[in-house]
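Colleague: The structure is given below, and queries will be raised subsequently.
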Amino acid sequence: MSSRTSRPVLVALALGLTLAGCSDDGADVRSTSGSSSGSKSGSASGSSSGSSSTAADCPSPSPGGATVEVKLDEFSIQAPTTAKAGRLTFAVTNEGEEVHELVVVKGDATSFPRVTSTDPATNTAVDEDKLPVGAFVGEVEEIPAGQTCAGSFALAAGSYVLFCNIVEVHDGKPENHFDLGMQTTLTVT
């Protein structure tokens, strides 16, 4: 195949793989049975807590409970610092140019376990599988640039960390969104 014809084929293949990687409901919502006291689900296929109705087919907010507006960008998270305990719907807008996610974990970010591997695409990320039992609350995964997706989770009183746990490789080096500043604390009263 000539390089002139292979470029469109490669672009189409890449686009097809990108679209195939998206589920029917766009951004995935993963949570622990709707409460912050259960143990974390070991798989990425948790329970979705919204219907898909936005342009990117991201889950939209579930009825009931308070809404917490969250804005993601390279490389920051803007969110309220406090919220009332109960069912909270995180309406997450990705104002950046890259794909981001919002992970909600009860605890202190300084104690989060980290992935240690030889793969630069995952090394240094927060190791969600090794969080203490009951710490993982949920996440809204793969929020496309310019889109708003939502996830609803029950939060008890306590301190939580909201963060993006994506690690990408740019110019052969890992780019860890968490370490670049995509984390903030939410106090639930």
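Colleague: Excluding His170 itself, what net charge comes from residues whose Cβ is under 12 Å from its Cβ, given Lys and Arg +1 and Asp and Glu -1?
Modeller: With Lys, Arg at +1 and Asp, Glu at -1, the net is -4.
Colleague: Continuing with this model, one more query. Find how much the distance from Thr118 to Thr187 grows on full extension, using 0.36 nm per residue of separation minus their present alpha carbon separation; answer in nm with one decimal.
Modeller: 21.3 nm
Every read-out reported here was derived from the displayed coordinates using simple, explicitly stated rules and does not represent laboratory data. No experiment lies behind these values; they were computed from the predicted model shown. A quick note on method: Cβ atoms are made from the backbone with ideal geometry, for glycine too, and the neighbour counts reach across all protein chains shown.
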